[in-house]
Number of protein chains: 2
Amino acid sequence: MHKEHALTKNQQIIFDLIDKSPEPMKAYSILFNVQKKGIKAPLQVYRALDKLVQIGKIHKIESRNAFIACHNSSCQVAKATAFSICEICEKVTEISSAGLSKYLANFKDKDGMKYSKYNLEFFGLCKKCTLK
Amino acid sequence: MHKEHALTKNQQIIFDLIDKSPEPMKAYSILFNVQKKGIKAPLQVYRALDKLVQIGKIHKIESRNAFIACHNSSCQVAKATAFSICEICEKVTEISSAGLSKYLANFKDKDGMKYSKYNLEFFGLCKKCTLK
DNA sequence: TAACATTGTGTAATAATATAACATTAACAT
DNA sequence: ATGTTAATGTTATATTATTACACAATGTTA
Ligand SMILES: [Zn+2]
Ligand SMILES: [Zn+2]
Ligand SMILES: [Zn+2]
Ligand SMILES: [Zn+2]
C-alpha cells in the first residue's frame, strides 16, 4: 500500500493544532501551544510548517504570516490558493470557486505566460463586520 | 493649489531608491542604502514605506517581504495589485491587465461579497529562465 | 542483510523583519 | 495664535525565520 503522505509525529501534532483552530495560527503561537508535547524549538515548527505547506495540508496567509488548514481538497494538487480576509476582525476564509480558479489558471500575461501557481488575497469586510 | 501627495524628504529619498531599483527591495537593504542620507533607524524606513504603500506609490510583495515601485497609475486609486514572480531568478513584474482587474473587482464569493482590494501573486518561470 | 541515500529530529545560536514608546518638530487649518 | 494632524528622531524590544551541526529514522537497492 502506498501511503500518500503519512505525517510524522511533529507534523501531525502541528497539523492537528492548526486544523482545530478557527483562525490562522502564527508560528510562535503554534510553538507555544505544542511545547507541552515536546516540540521546543522554532525550527521544529518551521520544518513541519514547510512540509505541510508543500504537501498542501495547510496554506500560508502571506500578508499575515499565518497558517491555515486547507479545506479544499483540490488545493492539494494545484498550489493555487485564494482567501478573503476581513480587515476588521481578521477572519480568513478559503475561497473555493471553480470559476475563479479556472480563470486564474488560464490567465495569460502580456508575454503569453501562464501560471499554474498563484496566491490571491482579497480584503474587505466579512458579513458580521459589514453589519456593524 | 492642492498638492495630491507631496512626499516628505524621507519618503522621497526612499521612493527614489525603490523606483530606481530593478528589483523589489527589502526594508533593511533600503535602510543600508539610505544611511548616508541621514536615515538611520528601521522605523524611519518602515514609516516611509507604510505611507508610500498607502498612497499607492509602491507595493509590498507579501510573499517576499519586499517593496517595488508602482508603474501602473491605476493602482494608485484601487489597492488592487497583481504580480508575477519568477521562482528561479525572483524577477517580479507588475501585471497590468484590464481584463484581470475587472474580473477580480467583480468577483463575488459564495455569500455574494465583492472585494475591491486584493493582492494576487502568480508564480512561475520568467521568459529567460524558461529557456534555460 | 548490508550499504546507501533521503528525510526527519534535537539543540543552540543568530539573522531578518517589524513595532512600541516617547519626546519633539513641521505643516496646516481655523 | 491656537489647536490639530502628520512626520521625525531615537532607543529599545518584539516577532518572524534561518544557519549550522550532530544524530536518528526511514526507505531503497544490491
Ligand atoms: Zn486549500
Ligand atoms: Zn470581520
Ligand atoms: Zn501598481
Ligand atoms: Zn527568472
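Just so it is clear, none of the values below were taken in a lab; they were calculated from the coordinates. Fair warning: this is a prediction, and the values are worked out from it, not measured in the lab. Methodologically, a virtual Cβ is constructed for each residue, glycine included, from the backbone with ideal geometry; neighbour enumeration extends over all protein chains shown.
Residues A:Ile95, A:Ile14, A:Ile61, ranked from the fewest to the most other C-beta atoms within 10 Å, line up as A:Ile95, A:Ile61, A:Ile14. Remark on the stretch B:9-131: ratio of C-alpha radius of gyration to 2.2 N^0.38 Å is 1.16. Amide hydrogen proximity for B:Ile58: with H placed 1.01 Å from N in the peptide plane, the residues at 5 or more positions away or on another chain lying under 5 Å are B:Val53, B:Cys70. The string of couplings for the stretch B:43-60 from the Karplus curve (6.51, -1.76, 1.60, θ = phi - 60°) is 4, 5, 5, 4, 5, 5, 4, 3, 5, 5, 5, 4, 8, x, 6, 9, 10, 9 Hz, one whole number per residue in order, with x for Gly and Pro. Dipole magnitude for the stretch B:1-52: computed about the Cα centre from +1 point charges on Lys and Arg Cβ and -1 point charges on Asp and Glu Cβ, it is near 260 debye. Less than 10 Å Cβ to Cβ from A:Cys70, Lys/Arg counted +1 and Asp/Glu -1: what total charge do the surrounding residues give? Net charge around A:Cys70: -1.
For the protein assembly as shown, a crude dipole built from +1 on the beta carbon of Lys and Arg and -1 on the beta carbon of Asp and Glu, taken about the Cα centre, is about 340 debye to the nearest 20. Qualifying trypsin sites (Lys or Arg not before Pro) in the stretch A:1-64, where qualification requires a DSSP coil assignment and no more than 10 other C-beta atoms within 10 Å, comprise A:Lys3.
Hey, which of these cross-link pairs are over 19 Å Cα-Cα: B:Lys26/B:Lys60; A:Lys57/B:Lys79; B:Lys26/B:Lys91; B:Lys26/B:Lys57; A:Lys127/B:Lys110; A:Lys60/B:Lys114? In this structure, A:Lys57/B:Lys79; A:Lys60/B:Lys114 exceed 19 Å between Cα atoms. Dipole size of chain A about its Cα centre, with +1 on Lys/Arg Cβ and -1 on Asp/Glu Cβ: approximately 260 debye, rounded to the nearest 20. A viscosity of 1.567 mPa s and a temperature of 4 °C, combined with the Kirkwood radius over C-alpha pairs in the Stokes-Einstein formula, give the protein assembly as shown a diffusion coefficient of 64 µm²/s. Does the stretch B:56-123 come out rounded, prolate or oblate, given a ≥ b ≥ c as the square roots of the eigenvalues of its C-alpha gyration tensor, rounded meaning a/c under 1.5 and, failing that, prolate meaning a/b above b/c? Prolate shape, in that a/c is at least 1.5 and a/b is the bigger ratio. Proximity of backbone amide H atoms, modeled 1.01 Å from N, is registered between A:Lys91 and A:Cys86 at under 5 Å, excluding neighbours fewer than 5 places apart on the same chain.
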